[in-house]
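Before any comments, here is the structure.
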Amino acid sequence: MGFADMSIAEIAEDYSLPVEAVLSLCDQLGIAYKHPQTRLALEDAKAIMSRIIANRQQLDTHQPD
């Protein structure tokens, strides 16, 4: 398994989210971490980013015009 050169805190920053929101996603997805600076496995980072994007798309489709 490869490692992404990204931490939980960096993903939060890249997607303009609170670190706590990304930590919550880690918990939901069963991704182990010790602290926000934990470096993630590539597949874990991809799973988190995919979930963030999917959540944003879902919010966009439910917004009234």
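The values are calculated or read from the model by the stated rules, or taken from the named source; none is laboratory data. Remember, predicted model here, so these are calculated numbers, not experimental data. Don't worry about glycine lacking a Cβ; one is built from the backbone with ideal geometry, like all the others, and counts go over all protein chains shown. The accessibility values were calculated without ligands, DNA or RNA, using every heavy atom of the protein model including side chains. Shrake-Rupley method; radii C 1.70, N 1.55, O 1.52, S 1.80 Å.
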**Message:** Condition (residue is surrounded by 15 or more Cβ atoms within 10 Å (Cβ to Cβ) and either assigned to a loop (DSSP other than H, G, I, E, B) or of a type in the set (D, E, K, R) (or both)) applied to segment 19-29: is it met by at least one residue?
**Reply:** no
**Complete:** In segment 4-54, residues that are under 10 Å from the mean Cα position of the chain (by Cα) and of a type in the set (Gly, Ala, Ser) total 8
**Prompt:** Inside segment 36-59, can you point out the residues that are touching a strand residue (DSSP E or B) at 6+ places or on another chain (Cβ under 7 Å) and in a helix (DSSP H, G or I)?
**Reply:** Leu42, Ala45
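Evaluate segment 39-52: report whether one residue or more is open to solvent by 100 Å² or more (accessible area, probe 1.4 Å), out of contact with any Asp or Glu (no Cβ under 6 Å at 6 or more places or on another chain), touching a residue at least 40 places away in the same chain (Cβ under 8 Å) and of a type in the set (Asp, Glu).
yes
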**Asked** Does Ala21 satisfy being touching a residue at least 12 places away in the same chain (Cβ under 8 Å) and of a type in the set (A, V, I, L, M)?
**Response** no
**Message:** Given the condition part of a loop (DSSP other than H, G, I, E, B), in contact with a helix residue (DSSP H, G or I) (Cβ under 6 Å, 6 or more places away or on another chain), at pLDDT below 95 and open to solvent by less than 90 Å² (accessible area, probe 1.4 Å), answer yes or no: does some residue in segment 2-18 qualify?
**Reply:** yes
